[in-house]
Amino acid sequence: ISKNTVILPDNSIILATGTRFVKLSANGVIDASYGNNGSINHTNSGNIQLSNSDILDFYDTKIEKINTTGNLISTFGTNGTFTYQNAGNYFSKQKSDGNIYSLDLDGYTLNKISSNGASSNIVSLTTDNNTLEYYSSFDFSGDKIYYVGTTSADSPFIVNYDNSGNLTPLNSQNSYKETAIPTGNYTSILAKNNALYVGGDRIDTATNQ
């Protein structure tokens, strides 16, 4: 799940194309004052998020922190780069406290990375006796992290951990499995106002589409 745009504090927009950054003003017009007629050449992942006034650039092997003109922020990680212990397909979010959370979509682990990129803690996530096929997303709610994914029976599940990496049962279950919902791939979760909203793609079991 990639996001290739960030909205800066002045409501201008930077678009990451993989080979360059393009800047639009708040009204959607190319900002010709940025770089060379509105763009700069900068190799990027195409998966970026805003971090205060800077940009986090997410790769399968690393995270780079750069300013809006593509220069590395040397105080982050090692000369601007945090490197994962293991390469993977990561879904990442930065929390309001500045810490970065990266979920390995190919495994059952979460990397909690300090705001300065200097250290990380890897949390092993439950498979609930091998009934959980894969994790796909997560969201924050206070000191809790809610995860969503798909079970081996193609139904959605929700798992809850606290910020310290401790599993918190839901309805006395390590993973809450919603069997009343049609089968499908469940790829997003939103925790808001004491409710959880789960979204994804429904599968028609008759046609498998």
(request) Please express the Cα-Cα pair-distance distribution P(r) of segment 131-170 as a list of whole percents, one per 5 Å bin, running from 0 to the bin with the greatest distance. (result) 7, 26, 29, 23, 12, 4, 0
(request) First obtain the Kirkwood hydrodynamic radius of segment 77-141 from its Cα pairs, then insert it into the Stokes-Einstein equation at 4 °C and 1.567 mPa s, and state the resulting D in µm² per second as a whole number. (result) 103
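About the Cα centre of the chain, how large is the charge dipole given +1 on each Lys and Arg Cβ and -1 on each Asp and Glu Cβ? Please answer in debye to the nearest 20. Don't skip to the end; give the middle numbers.
Working: 12 positive and 18 negative charges, 73 e Å.
Dipole about the Cα centre, nearest 20: 360 debye.
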(message) Suppose all protein chains stay in the model; what accessible area per residue would a 1.4 Å probe give for the chain, in Å²?
(response) 52
(request) Could you state, as a whole-number percent, how many of the C-alpha pairs of segment 93-205 are farther apart than 19 Å? (result) 43
(request) Would you mind giving the average projected area, over all directions, of the Cα convex hull of segment 51-109 in nm² with one decimal? (result) 4.1
(message) Taking only Cα atoms of segment 23-135, what ratio of Rg to Rh do you get with Rh as the Kirkwood inverse-distance radius?
(response) 1.06
(message) Please compute the length gained on full extension between I122 and I7, using 0.36 nm multiplied by the number of residues separating them and subtracting their Cα-Cα distance.
(response) 38.4 nm
(message) What does the charge count around Y84 come to, taking other residues whose C-beta lies under 10 Å from its C-beta (Lys +1, Arg +1, Asp -1, Glu -1)?
(response) -1
(request) Starting from the Cα gyration tensor of segment 1-81, multiply each eigenvalue by 5, take the square root, and state the resulting semi-axes largest first in whole Å. (result) 21, 12, 12
(message) Which residue, N52, G88, T187, has the largest displacement toward the positive end of the dipole of the chain when charges sit on each Cβ (Lys, Arg +1; Asp, Glu -1)?
(response) N52
(message) Using Stokes-Einstein with the Kirkwood hydrodynamic radius over Cα pairs, what translational diffusion coefficient do you get for the chain at 10 °C and a viscosity of 1.306 mPa s, in µm²/s rounded to a whole number?
(response) 86
(request) Please list the non-local residues whose amide H lies under 5 Å from the amide H of N4, H modeled 1.01 Å from N, same-chain partners needing a gap of 5 or more. (result) I48
(message) Less than 14 Å Cβ to Cβ from L196, Lys/Arg counted +1 and Asp/Glu -1: what total charge do the surrounding residues give?
(response) +1
(request) Report the full-extension gain for the segment S152 to N67: residue separation times 0.36 nm, less the Cα-Cα distance, to one decimal in nm. (result) 26.4 nm
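The values are calculated or read from the model by the stated rules, or taken from the named source; none is laboratory data. The model shown is predicted, which means the values in this text are computed figures rather than measured ones. Please note: Cβ atoms are built from the backbone with ideal geometry, for glycine as well, and neighbour counts cover all protein chains shown. These accessible areas exclude ligands, DNA and RNA; they are computed on the full protein's heavy atoms, side chains included. Shrake-Rupley method; radii C 1.70, N 1.55, O 1.52, S 1.80 Å.
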